[in-house]
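To keep things clear, I will list the structure first and then write my remarks on it.
The values are calculated or read from the model by the stated rules, or taken from the named source; none is laboratory data. This one's a predicted model, so the numbers in the text were calculated from it and none came from an experiment. Every residue, glycine among them, receives a Cβ derived from its backbone with ideal geometry; neighbour counts consider all protein chains shown. Surface accessibility is based on the protein's heavy atoms, side chains included, excluding ligands, DNA and RNA. Shrake-Rupley method; radii C 1.70, N 1.55, O 1.52, S 1.80 Å.
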Amino acid sequence: TSPGMVEAPTTTAGNDTPSTAASGDSWVELISETELDNEVKTIRNYLNENLQSVSNYNSAMLMIPPKAATLGALAGVAMEHPNAVSWKDDAKYVRNLAKQMNADTLRSGPKDQKRLLGLYESVSDTLNRSPPAGLEEPPESDGFSEVSEMRLLMHRMEESEKRMKTEAGTDSAMASRKEMVAHEAAIMATLAKIVTLPGYGYEDDDKFKGYALDVVKSALAIKAAAESNDFATYELSLTKVSTTCNNCHSEYKNN
């Protein structure tokens with residue numbers, strides 16, 4: 001298991017999780033370096049498009065925090081991923097810049113637009129392996145929870161679930177959108193694992209970790225089903241994700 005990971009719990013919240021060869025105990029099982037890079041590129045493009053003007057920023061303001069939180073989380077994964085991520089050596093700076101994006105509640109108008117644009121430009125330069133001079137050293141004590149708030153990561157997970165249901169809800173749609181499905185499933189599995197890590201407050205809660213592990217396993221089953229054109233398993237696993245999330249939210253949403 002890689003440095004930031006925890007062992008999978010021995011019990012889960014349910015017993016009908018579709019089986020999958022991958023257990024999700026290491027980053028490489030959850031997300032490839034290519035999938036990680038593709039999500040970071042998507043976030044980068046989104047921020048570039050929506051931070052160039054005040055009007056674009058105002059329209060996208062509510063969606064920016066989940067993007068920044070996901071960027072920070074994936075930068076943390078890049079730091080620990082066993083495979084080669086091109087910007088791994090600078091990932092700690094990307095993570096810290098993403099953290100700064102969510103340091104304060106965003107308000108409409110030019111002040112926050114200019115602040116975020118400056119941070120985005122530093123992220124972009126750093127991802128291009130040309131970090132700006134004078135970047136502050138990130139706190140060594142920072143972990144995933146200090147950078148990426150749980151509710152924001154869950155917002156991204158919900159986006160994955162909705163996108164799969166909307167864009168790949170039939171056998172033919174899944175077959176034609178299998179790359180999207182596999183990508184969204186990898187993101188879902190990775191973020192579900194992250195929220196069980198120390199700092200989020202549930203590392204000793206076997207029931208919560210059981211729900212999270214069920215999502216991880218189901219997401220990995222979705223990914224495998226998409227890659228093998230197995231719509232029945234895909235549909236069953238996606239339903240399992242929805243059921244697990246609903247059951248977890250009913251117990252933990254006010255915690």
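Just to verify a result, which residue in region 94-151, among those that are within 25 Å of Ala212 (Cα to Cα) and hydroxyl-bearing (Ser, Thr, Tyr), is surrounded by the fewest Cβ atoms within 10 Å (Cβ to Cβ)? It comes out as Ser141. The set of residues in region 64-90 being touching a His at 6+ places or on another chain (Cβ under 9 Å) and surrounded by fewer than 22 Cβ atoms within 10 Å (Cβ to Cβ) consists of Pro65, Lys88. Being at pLDDT 95 or above, touching a helix residue (DSSP H, G or I) at 6+ places or on another chain (Cβ under 8 Å) and either within 25 Å of Tyr234 (Cβ to Cβ) or in a helix (DSSP H, G or I) (or both), is that true of even one residue in region 10-19? Within region 10-19, not a single residue is at pLDDT 95 or above, touching a helix residue (DSSP H, G or I) at 6+ places or on another chain (Cβ under 8 Å) and either within 25 Å of Tyr234 (Cβ to Cβ) or in a helix (DSSP H, G or I) (or both). Among the residues of region 103-154, those that are of a type in the set (Asp, Glu), closer than 22 Å to Arg44 by Cβ, without any contact (Cβ under 8 Å) to a residue 40 or more places away in the chain and out of contact with any Asp or Glu (no Cβ under 9 Å at 6 or more places or on another chain) comprise Glu121, Asp125. Annotation: Ala175 fulfils all but one of (1) surrounded by fewer than 20 Cβ atoms within 10 Å (Cβ to Cβ); (2) hydrophobic (A, V, I, L, M, F, W, C); (3) touching a Pro at 6+ places or on another chain (Cβ under 9 Å); the unmet one is (3).
Within region 123-136, the set of residues being over 24 Å from the mean Cα position of the chain (by Cα) and closer than 16 Å to Ala98 by Cβ comprises Pro132, Leu135, Glu136.
Residue-level check: of (1) of a type in the set (Ser, Thr, Tyr); (2) modelled with pLDDT under 95; (3) part of a helix (DSSP H, G or I), Tyr57 misses just (2). Here region 47-105 is the region considered, the condition is being among the charged types (D, E, K, R) and within 22 Å of Glu159 (Cβ to Cβ), and the residue that is nearest to the chain's Cα centre (by Cα) is Lys67. Of all residues in region 79-102, those that are without any contact (Cβ under 8 Å) to a residue 60 or more places away in the chain have Cβ atoms under 8 Å from Cβ atoms of residues that are open to solvent by less than 40 Å² (accessible area, probe 1.4 Å) and of a type in the set (Asp, Glu), 6 or more apart or on another chain, in Val85/Asp37; Ser86/Asp37; Arg95/Asp142; Asn96/Asp142; Lys99/Asp142.
Of the residues that make up region 208-226, is at least one out of contact with any Ser or Thr (no Cβ under 7 Å at 6 or more places or on another chain) and either among the hydroxyl-bearing types (Ser, Thr, Tyr) or over 27 Å from Glu146 (Cβ atoms) (or both)?
Looking through region 208-226, at least one residue is out of contact with any Ser or Thr (no Cβ under 7 Å at 6 or more places or on another chain) and either among the hydroxyl-bearing types (Ser, Thr, Tyr) or over 27 Å from Glu146 (Cβ atoms) (or both).
Every listed requirement among (1) within 25 Å of Leu62 (Cβ to Cβ); (2) open to solvent by 10 Å² or more (accessible area, probe 1.4 Å); (3) hydrophobic (A, V, I, L, M, F, W, C) is met by Ala192 save one, (2).
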